[in-house]
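The values are calculated or read from the model by the stated rules, or taken from the named source; none is laboratory data. Everything quoted here is computed from the prediction, not taken from an experiment. Note that we place each Cβ from the backbone using ideal geometry, even for glycine, and neighbour counts take in every protein chain shown. Quick note on the areas: whole protein, heavy atoms, side chains included, nothing else; ligands and nucleic acids left out. Shrake-Rupley method; radii C 1.70, N 1.55, O 1.52, S 1.80 Å.
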Amino acid sequence: MTIVERAPAKINLALHVRARRPDGYHEIETLFAFLRDGDTVAVEEADEDSFSVTGPFAEGLSSESNNLVLAARDAFAAAFGPLPRLAITLDKHLPIASGIGGGSADAAAILRALAQPRPADPARLFEVALELGSDVPACLLGRAAFGGGRGEQLTSVEGLAGIPVLLVNPGVAVSTGAVFAGWDQVDRGPLAKGDPLTAALEGRNDLEAPALMIAPAIRDALDMLAVQPGVALSRMSGSGATCFALFDSDAARSAACAVVAASHPDWWRLESALA
Ligand code: C5P
């Protein structure tokens, strides 16, 4: 029997960095939202362990050792007991190291797939997720949420489903650690509570400035998204370099996508909607 789990793209509608912590991480306040599209993982019992990657971004994951999917499998086994031999397939549609949680979503999808036929205490599974990365608990939850702490203190929010989204990546991979390290350590204040869209509109992404220092092409993507007709909000996601725009209609999103495609055919684009 094959278990298939979706690994939807994550975006940060806002991301406020509040403080640098003694453990090297940063205290953040963020609004996680998930898209209807992303990667897919499939897990099947087999005669021997295997891992294969398909899809448009398969080549970006050349080294098995740095893949969070296998780290998630091994962490699950360490926490909940040995696993049978498994054939794992990752269908990779999200660009690597791009601020939309591709690797975190894949890891969370593996944890969900492995937990389906096996008893796994949800609190322990959550801890395993956090050990894999700051965004993995949010991806395990898989629904829009306010995130505090490193991003793991999650409170679900409602009211975002169906909003049309366009993602654009100007073709640069940026390291999350390097972007956080470039934050200027100025606390610009909390993220508003209450209605998530209002909070997002009033919010900001404090990682935009340090990401722009590393990858100036992000400015081109932000400038282009900001002026498209029907845009409700445009911003960089996570530590970049992917930028997103929310639109007031599917038609406006598709028109904007066509404009971006015509002027920057090499930029990665994804037309989707919030889940
Ligand atoms: O948790 P994750 O491994 O995804 O984080 C990658 C890097 O990003 C960390 O090593 C850290 O440098 C930085 N980070 C941070 N504060 C966070 C999340 C990530 O400083 N809340």
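Is at least one residue of segment 183-192 away from the ligand (no atom under 15 Å from the Cβ), surrounded by fewer than 19 Cβ atoms within 10 Å (Cβ to Cβ), within 20 Å of the chain's Cα centre (by Cα) and not aromatic (Phe, Trp, Tyr)?
Checked segment 183-192: no residue is away from the ligand (no atom under 15 Å from the Cβ), surrounded by fewer than 19 Cβ atoms within 10 Å (Cβ to Cβ), within 20 Å of the chain's Cα centre (by Cα) and not aromatic (Phe, Trp, Tyr).
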Counted residues, segment 113-152 - those being open to solvent by less than 60 Å² (accessible area, probe 1.4 Å) and either in contact with a Ser or Thr (Cβ under 6 Å, 6 or more places away or on another chain) or at pLDDT below 95 (or both): 10
Selected residue [surrounded by fewer than 24 Cβ atoms within 10 Å (Cβ to Cβ), within 12 Å of the ligand (Cβ to nearest atom) and either farther than 19 Å from Val174 by Cβ or more than 19 Å from the chain's Cα centre (by Cα) (or both)] from Arg73, Arg6, Arg85, Arg20: Arg20
Filter result for Phe57 (without any contact (Cβ under 8 Å) to a residue 60 or more places away in the chain, more than 16 Å from the ligand (Cβ to nearest atom), surrounded by fewer than 20 Cβ atoms within 10 Å (Cβ to Cβ) and within 22 Å of Ala129 (Cβ to Cβ)): no
Output for segment 223-244, where each listed residue is closer than 17 Å to Pro95 by Cβ and away from the ligand (no atom under 16 Å from the Cβ): Leu225, Cys243, Phe244
Any helices (runs of 4 or more DSSP H) falling wholly within segment 136-243 and containing at least 3 residues that are farther than 25 Å from Val41 by Cα: 176-181, 196-202, 208-214, 217-226
Criterion (under 12 Å from the mean Cα position of the chain (by Cα) and open to solvent by 60 Å² or more (accessible area, probe 1.4 Å)) met by exactly one of Thr155, Thr176: Thr176
Residues (part of a loop (DSSP other than H, G, I, E, B) and at pLDDT below 95) located in segment 25-62: Gly55, Pro56, Phe57, Leu61, Ser62
Scope segment 140-150; condition within 14 Å of the ligand (Cβ to nearest atom), under 16 Å from the mean Cα position of the chain (by Cα) and more than 25 Å from Ala232 (Cα to Cα); matching residues: Leu140, Arg150
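Among the residues that make up segment 11-28, is at least one of them under 30 Å from Pro82 (Cβ atoms) and in contact with a strand residue (DSSP E or B) (Cβ under 6 Å, 6 or more places away or on another chain)? If you could, list the steps in order and put the result at the bottom.
Narrowing segment 11-28 to residues under 30 Å from Pro82 (Cβ atoms): none.
Within segment 11-28, not a single residue is under 30 Å from Pro82 (Cβ atoms) and in contact with a strand residue (DSSP E or B) (Cβ under 6 Å, 6 or more places away or on another chain).
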Scan of segment 154-176 for residues that are within 11 Å of the ligand (Cβ to nearest atom) and not β-branched (Val, Ile, Thr), ordered by number: Ser175
